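Here the structure comes first, spelled out in structure tokens, and everything after it is commentary.
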Amino acid sequence: MSELAAPAETSARAQWWVQVRGHAYGPYTLDQMTRFVEEGRVRPATRISDQPSKGWIEARRVDALMAPLRAASGHEDAQAIDVANVFVHAEIITGAWGAFMAALESMGPICELTPGLWLLRTRLSVGVVRNTLSQTLEKGDRFVVVDATRDRLAWFNLGPGIDVAIGHVWNAPLKAEKR
């Protein structure tokens, strides 16, 4: 696809499409797209367009879209309390290992604790970490992200039965201990 020189319109009424693995999704409003950026579903390198028939550009080239990320990164001292220690466990059975590791390393310092288990220090939310990493994987790959600092959990591709089981355990009341 060709590169666009610049998006034609960044007003609230503009319609946007997102390209993921060669497929176009949309249209979305600018507000929706901004929310996708904040959630990590659209990253600076994600291909987007306001006119898909005329080509695609990286999201980082649309100032209105990247403004929330730029504003957040400009206030590092105020966000110091937002730093989190996140555990990531992945089972990657496809050829997505390189892309997964590149995405993981881009989010902050990491330490491999055991094969397939990392500790990540980041300012990103567990949802952003999950969404960013899931964009690198293929069918059959799966992972879990646990935010040890903020008491949050997110996962990818574990299946509906596991989704229900996690919900029951994560929020379950504990029985009183017998002494």
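Here are 102, 90, 154: which of them is in contact (Cβ under 8 Å) with a residue 24 or more places away in the chain and in contact with a Ser or Thr (Cβ under 8 Å, 6 or more places away or on another chain)? First the steps, then the outcome.
Details: 90 fails: in contact with a Ser or Thr (Cβ under 8 Å, 6 or more places away or on another chain); 154 fails: in contact with a Ser or Thr (Cβ under 8 Å, 6 or more places away or on another chain).
The unique qualifying residue is 102.
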Query raised in the report: Out of (1) modelled with pLDDT under 90; (2) open to solvent by 60 Å² or more (accessible area, probe 1.4 Å); (3) outside any helix (DSSP H, G or I), the odd one out for residue 87 is which?
Result: (1)
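Looking only at segment 68-84, filter to residues that are under 17 Å from the mean Cα position of the chain (by Cα) and modelled with pLDDT under 80; which one of those is farthest from residue 126 (Cα to Cα)? Don't jump to the end; show me each part of the working.
Just the residues of segment 68-84 that are under 17 Å from the mean Cα position of the chain (by Cα), to begin with: 68-70, 72-73, 82-84.
From what's left, modelled with pLDDT under 80: 68-70, 72-73, 82.
On the way: 68: 18, 69: 16, 70: 19, 72: 16, 73: 17, 82: 12 Å.
Only one residue tops the list, namely 70.
Could you list, in sequence order, the residues of segment 129-156 that are at pLDDT below 80 and surrounded by fewer than 18 Cβ atoms within 10 Å (Cβ to Cβ)? It would help to see each step written out before you state the result.
Restricting attention to segment 129-156, the residues satisfying the condition of being at pLDDT below 80 are 150-156.
Matches in segment 129-156: 150, 151, 152, 153, 156.
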Query raised in the report: Given the conditions (1) open to solvent by 60 Å² or more (accessible area, probe 1.4 Å); (2) under 21 Å from residue 41 (Cα atoms), and given that residue 95 satisfies all but one, which numbered condition is not satisfied?
Result: (2)
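Filtering segment 33-45 down to residues that are outside any helix (DSSP H, G or I) and in contact (Cβ under 8 Å) with a residue 40 or more places away in the chain, which residue is least open to solvent (accessible area, probe 1.4 Å)? Spell out the reasoning first.
To start, the set of residues in segment 33-45 that are outside any helix (DSSP H, G or I) comprises 40-45.
Filter again for in contact (Cβ under 8 Å) with a residue 40 or more places away in the chain, leaving 40-41, 43.
Details: 40: 5, 41: 111, 43: 74 Å².
So, considering only residues that are outside any helix (DSSP H, G or I) and in contact (Cβ under 8 Å) with a residue 40 or more places away in the chain, the one least open to solvent (accessible area, probe 1.4 Å) is 40.
The values are calculated or read from the model by the stated rules, or taken from the named source; none is laboratory data. Since this is a predicted model, take the numbers as computed values, not measurements. Reconstructed Cβ throughout: ideal geometry from the backbone, glycine too, with neighbour counts over all protein chains shown. These area figures cover heavy atoms from the full protein model, side chains too; ligands, DNA and RNA do not enter into them. Shrake-Rupley method; radii C 1.70, N 1.55, O 1.52, S 1.80 Å.
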